[in-house]
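Have a look at the structure below before the remarks.
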Amino acid sequence: MVQNDNHIPSAPTLDKVPQHVAVIMDGNGRWAKDQGEERLYGHRHGVEAVRGVVQTAAEAGVRYLTIYAFSTENWGRPAEEVDGIMSLIAQAILSELDTLTGAGIRMRFIGDLASLPASLQESIRIAEAAVIPAEKLRMTLNIALNYSSRWELTRAMQQIAVAVKDGSLRPEEITQETVSNHLATAGMPDPELLIRTSGELRLSNFLLWQLSYTELYFTDTLWPAFGRDQMLAALREYGRRKRRFGRL
Ligand code: IPE
Ligand code: IPE
Ligand code: MG
């Protein structure tokens, strides 16, 4: 559990802490199967794993943690699983809200939120209304819900096209910054580290623009088994990476 601000223990020394970490939380279904349980059992334990990772990231000094909770493509799963995931997320947002707020962690949501079930939209509204004074703000937890990168980029292009059409922007004024400013992550640094669990080696339509120069960390650990030690191992590995950005 994330404890209140004054009680978060300081993290083990890390040389270099990423400001922004993105996570593809994958493997809940396989984890449940390994336990001889239904997939939703895995999703419930997946929520528990989020708690530990959020706390560890905040302790380590990460400023933004962006987690992939439900993709646009995940609507293709059986209705029972989709409904189960939606209600689990709606409940978890509300049950964690006070603890997170007390720890200086604010929740933000990225994705096509208008198509989510009404009860989930209500949880999101309540969570985003929580106020944390600037001096107490420790970390922003971005939860990607009904998110896909191609959806986000297409929306950005539509918004930019509208600005060109109404004359407030000239085509030659469109810069990389213009594009970044129209993404759901506007105003945040790009992630320096991406973690994907469960051994899959792909991005699955997550943050394609923002991950251009991100360090990638893949682990076979299934998401519900990804805890504090695994998170610290990923952060330590990041500290060993040499980032060159095309230079020498
Ligand atoms: C990740 O676990 C959670 C979501 C995509 C919502 P999965 O449900 O994809 O689990 P696996 O990959 O089938 O094991
Ligand atoms: C990616 O996991 C989406 C989330 C973690 C929410 P998936 O399990 O949906 O990805 P694929 O289908 O293996 O690419
Ligand atoms: Mg999966």
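For this structure, a couple of remarks:
- Residue within region 106-114 that is modelled with pLDDT of 95 or more and farther than 24 Å from V21 by Cα present: yes
- The C-beta contact set for region 61-82 (first residue at positive phi, second residue away from ligand 3 (no atom under 14 Å from the Cβ), distance under 6 angstrom, 6+ apart or interchain) comprises G61/V17.
- Residue check for L207: in a loop (DSSP other than H, G, I, E, B), touching a helix residue (DSSP H, G or I) at 6+ places or on another chain (Cβ under 6 Å) and free of Cβ contacts under 8 Å to residues at least 40 places away in the same chain: no
- Subset of region 176-220 [within 16 Å of ligand 1 (Cβ to nearest atom) and either surrounded by fewer than 15 Cβ atoms within 10 Å (Cβ to Cβ) or farther than 19 Å from G239 by Cβ (or both)]: T197, S198, G199, E200, L201, R202, L203, S204, N205, F206, L207, D220
- Residues that are crowded, with 20+ Cβ neighbours inside 10 Å and part of a helix (DSSP H, G or I) were ranked within region 61-89; the one that is nearest to the chain's Cα centre (by Cα) is I89.
- Single residue of V54, V47 found to be part of a helix (DSSP H, G or I) and within 15 Å of ligand 2 (Cβ to nearest atom): V47
- Here V17 does not fit the description of being more than 13 Å from ligand 1 (Cβ to nearest atom), within 18 Å of the chain's Cα centre (by Cα), in a loop (DSSP other than H, G, I, E, B) and at pLDDT below 95.
- Put simply, of S204, S198, S212, S148 the only residue that is of a type in the set (S, T, N, Q), touching a Lys or Arg at 6+ places or on another chain (Cβ under 7 Å) and under 30 Å from N28 (Cα atoms) is S198.
- Test result for R106, of a type in the set (D, E, K, R), closer than 22 Å to M188 by Cα, part of a strand (DSSP E or B) and free of Cβ contacts under 8 Å to residues at least 40 places away in the same chain: yes
- Take the conditions (1) more than 15 Å from ligand 2 (Cβ to nearest atom); (2) assigned to a helix (DSSP H, G or I); (3) surrounded by 16 or more Cβ atoms within 10 Å (Cβ to Cβ); A32 misses just one of them, which is (1).
- Meets criteria (within 16 Å of ligand 2 (Cβ to nearest atom) and either surrounded by fewer than 19 Cβ atoms within 10 Å (Cβ to Cβ) or at positive phi (or both)) for R155: no
- The single condition from (1) among the hydrophobic types (A, V, I, L, M, F, W, C); (2) exposed (fewer than 15 other Cβ atoms within 10 Å of the Cβ); (3) without any contact (Cβ under 8 Å) to a residue 24 or more places away in the chain that I126 fails is (3).
- When we screen R202, R170 for residues that are within 15 Å of ligand 2 (Cβ to nearest atom), without any contact (Cβ under 8 Å) to a residue 60 or more places away in the chain and among the charged types (D, E, K, R), the only hit is R202.
The values are calculated or read from the model by the stated rules, or taken from the named source; none is laboratory data. All values derive from a computational prediction rather than experimental measurement. Every residue, glycine as well, gets a Cβ built from its backbone with ideal geometry; the counts of neighbours run over all protein chains shown.
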